[in-house]
1. What about Ser5, is it modelled with pLDDT of 95 or more, of a type in the set (Ser, Thr, Tyr) and loosely packed, with under 13 Cβ neighbours inside 10 Å?
2. Scan region 58-86 residue by residue and report those that are over 22 Å from Ala34 (Cβ atoms) and either in contact with a Cys (Cβ under 9 Å, 6 or more places away or on another chain) or part of a helix (DSSP H, G or I) (or both).
3. Do we have any residue at all in region 23-40 that's modelled with pLDDT of 95 or more, part of a strand (DSSP E or B) and among the β-branched types (Val, Ile, Thr)?
4. Taking only pairs six or more apart or across chains, which ones have beta-carbon atoms under 6 Å, a first residue in region 59-85 that is closer than 21 Å to Ser31 by Cα and assigned by TED's automatic domain parsing to the domain that holds Ala44, and a second residue that is of a type in the set (Val, Ile, Thr) and assigned to a helix (DSSP H, G or I)?
5. If I go through region 87-99 residue by residue, how many of them are surrounded by 13 or more Cβ atoms within 10 Å (Cβ to Cβ) and not in a strand (DSSP E or B)?
6. Sort out which residues of region 48-57 are in a strand (DSSP E or B) and of a type in the set (D, E, K, R), and write them in order of number.
Amino acid sequence: MMTASRWRCCLAVLVLGLAGCAAGTQDLNLSDAALQARVEERLAARKDLDLHQVDIDVVSQVVTLSGVVDSWHTKEEAGRVAARTPGVQEVLNNLLIQE
């Protein structure tokens, strides 16, 4: 038989677990404009990447990166940063590498 303290503990775990699930779904409900701002913010924080010629568009949680970058590394890293942004479902990395 469970004691009252065990019931409270189980209830607390359940509530916290559901709250975590709800927090995760909030990222899925971002508007495209809010998601674009979030991706732009994360990319701007990467001072090691030259992204001044990069355009970011978001439609239905799909991020499209376009423009010109200076290296393969910058292209790939920009795509990774965008893909790791909560709420992003897919990234279309159309960045061109300047020669």
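1. No, not satisfied.
2. Pass one, region 58-86, residues over 22 Å from Ala34 (Cβ atoms): 68-77.
Matches in region 58-86: Trp72, His73, Thr74, Lys75, Glu76, Glu77.
3. no
4. Val63/Val39; Ala82/Val39; Thr85/Val39
5. Of the residues in region 87-99, 2 are surrounded by 13 or more Cβ atoms within 10 Å (Cβ to Cβ) and not in a strand (DSSP E or B).
6. Keep residues of region 48-57 that are in a strand (DSSP E or B), which gives 54-57.
Within region 48-57, Asp55, Asp57 qualify.
The values are calculated or read from the model by the stated rules, or taken from the named source; none is laboratory data. Given the structure is predicted, the values throughout are model-derived calculations rather than measurements. Glycine also receives a Cβ, built like all others from the backbone with ideal geometry; neighbour counts cover every protein chain displayed.
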